[in-house]
Amino acid sequence: MSRDDWEKGLRVRTEVMGEEFVSRALEGASDFTRPMQDWLNEHAWGSTWQREGLPRQTRSLVTIAMLAALKAPTELKGHVRGALRNGCTVAQIQEVLLQSLIYCGAPAAQEAFRAAREAIEDWESNGGN
């Protein structure tokens with residue numbers, strides 16, 4: 001494992017997802033799940049999210065689209081909050097989810113809208129944090 005990429009990944013992951021989210025993920029890791037958390041920090045957040053090829057807002061919106069396609073509502077909620085933290089608007093998130101309706105189908109889009117609505121309402125009720 002590259003300790004440098006892991007540490008950079010932890011920094012980026014915390015900036016995007018928020019300290020509470022990341023702390024919960026890392027502190028909740030067991031011996032069984034810790035390797036996955038380490039991999040996510042090193043590769044997803046340390047090697048990919050910090051690349052300069054796309055701005056974070058675009059990465060967030062692309063991630064939301066992919067999670068909608070995968071019907072992954074739990075992950076989608078976290079990334080909706082991350083997108084808002086990255087400066088994406090509710091309208092942009094809505095547009096991505098409407099686009100997913102065409103290419104992912106109604107059941108996937110409905111699940112994504114439900115998850116996103118919950119995350120957005122939570123975000124707004126907490127004053128954008």
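Tabulated data for the structure shown
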quantity: Carbon and sulfur %, accessible surface of the chain computed with the full protein complex present, 1.4 Å; calculated: 53 percent
quantity: P(r) histogram, all alpha-carbon pairs of the chain included - 5 Å bins from 0, percent; calculated: 2, 11, 20, 22, 19, 15, 8, 2, 0
quantity: Inter-centroid distance (Cα atoms) of the range 1-70 relative to the range 76-129, Å; calculated: 18 Å
quantity: Where the range 41-110 is the region considered: accessible area per residue in Å², 1.4 Å probe; calculated: 52 Å²
quantity: Calculated from backbone phi, Karplus (6.51, -1.76, 1.60) coupling profile of the range 88-105 in Hz, x at Gly/Pro; calculated: 5, 9, 4, 4, 5, 4, 4, 4, 4, 5, 5, 4, 5, 4, 5, 9, 10, x
quantity: R0 of 35 Å, Cβ-Cβ distance Glu27-Gln110: FRET efficiency to nearest 0.05; calculated: 0.60
quantity: Top of Ala109, Ala25, Ala69 by mean-square fluctuation, Gaussian network on the chain, Cα under 10 Å; calculated: Ala25
quantity: Contact order normalised by residue count of the chain, Cα under 8 Å, 6+ apart, percent; calculated: 25 percent
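The values are calculated or read from the model by the stated rules, or taken from the named source; none is laboratory data. Just so it is clear, the structure is predicted and the values come from calculations on it, not from any experiment. We place every Cβ from the backbone using ideal geometry, glycine too, and count neighbours over all the protein chains shown. These accessible areas exclude ligands, DNA and RNA; they are computed on the full protein's heavy atoms, side chains included. Shrake-Rupley method; radii C 1.70, N 1.55, O 1.52, S 1.80 Å.
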